[in-house]
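Take a look at the structure set out below.
Since every read-out is calculated from the coordinates, none of them should be taken as a lab result. Fair warning: this is a prediction, and the values are worked out from it, not measured in the lab. Here the Cβ is made from the backbone with ideal geometry for all residues, glycine too, and neighbour counts use every protein chain on show.
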Amino acid sequence: MKSLKWLLTGFVALNLAACAFDKNSNTDTQKELENRAALMEKYSPILGVYRGTIQAGVSSQAVELSFYTVEKKIGQTANGEPKFLPALMVRYRNLSNVVDDVVMESTYLDQTSQVLMSTNDNSLGVSGIFNGETITGNVTRNGGIWGTINVSLVSRESSAPNDANDRAERNARLTKIYEGVVGTYKGKVDFPHNSSASDFNVTVTIVIDQVKDKDGYYVPALKADYTRENDPARNLALAMDVDYKPDTVPPYISLVSNEVRAEYSVTIAGTINNGVIDGTFTNKRAQRGTVRLVKR
């Protein structure tokens, strides 16, 4: 009889513990749901794609900010399951030049309309004010103010980065930018009067090629064919790699022969503006001159 009493007492205790556990679990679940709803309501007004400019000194850069949410693990529930809450993220894209997108963590303080974002290493950040459909504020680099930003909402559709889509978009943007440089350029290389080299006319044809990047994916790249007017047999013709930086003022361009012959190699470096390349010419013999190439 005594054993039965202890058994019943233990059974009741277990039931009470189970009920308490269920109650705590339900409370945690309800609290999590409320927190999720509050965060989504808070972030909802700012989600979307914004485009505009960053002004840094005399230079202006077209940019795109895409705000989206991801599920971020914040701990565990009472029964040991992982607990997640929505986190605000932003993808920063340079539209003036094709470089890697930057993903930043963000927060929106709806009481003050302040929006903050930063990379993990603080190499890039934005502190701004959200005003319904615009964001204005300061841009920082490595902790110091770099410029000001002014962007406006262009779409409410925004999603987390997708590798395949991002590659396709990046390649399309690269191609569009490179198309403005493609063409045949003719001009003259001039050497100083005291140089042992003689002036000559050159033709450079720039095209878009497809090359593999470090991850094995094909990406657009600018290539060039270099010929001299005084070399009809093309003994001194060169294939060249082209580096084009449209976000500098004025845009920078360099053409470097990608085959180093024993007798000849060439580097042309300078600026390109309205179809005209002005720069320096250097060959393997360290003969240095100036060059102007005009797009035909």
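Close amide H partners of residue 140, meaning residues 5 or more places away or on another chain with modelled amide H under 5 Å apart, are 125, 126, 127, 146. For segment 165-295, a/c is not less than 1.5, where a ≥ b ≥ c are the root eigenvalues of the C-alpha gyration tensor, and a/b tops b/c. That puts it in the prolate class. For the chain, excluding the exposed loop sites themselves (GluC sites (Glu not before Pro), DSSP loop, at most 10 other Cβ atoms within 10 Å), the longest remaining stretch covers 1-156.
Based only on other Cβ atoms within 10 Å, what is the fewest-to-most ordering of 295, 212?
The most exposed by this proxy come first: 212, 295.
Pick the calculated Cα extents along the principal axes in Å for this structure from (1) 60, 45, 32; (2) 122, 43, 38; (3) 117, 45, 30? Recomputing Cα extents along the principal axes in Å here picks out (3). Taking Cα atoms only, the orientation of helix 163-179 departs from the longest principal axis of the chain by about 30 degrees. Measuring nothing but how far apart in sequence close Cα pairs (under 8 Å, 6+ apart) lie, relative to its length, segment 30-161 scores a relative contact order of 25 percent.
Applied to segment 200-209, the Karplus parametrisation 6.51 cos²θ - 1.76 cosθ + 1.60 on θ = phi - 60° returns per-residue 3J(HN,Hα) values of 7, 8, 9, 10, 10, 10, 9, 9, 9, 10 Hz, with x for Gly and Pro. Computed over segment 30-161, the quotient of the alpha carbon radius of gyration and 2.2 N^0.38 Å is 1.12. For the chain, the longest principal axis of the Cα atoms and the long axis of helix 2-43 meet at an angle of about 40 degrees. Most mobile of 211, 256, 182 per a Gaussian network model of the chain (Cα springs, under 10 Å)? Residue with maximal mean-square fluctuation among 211, 256, 182: 211.
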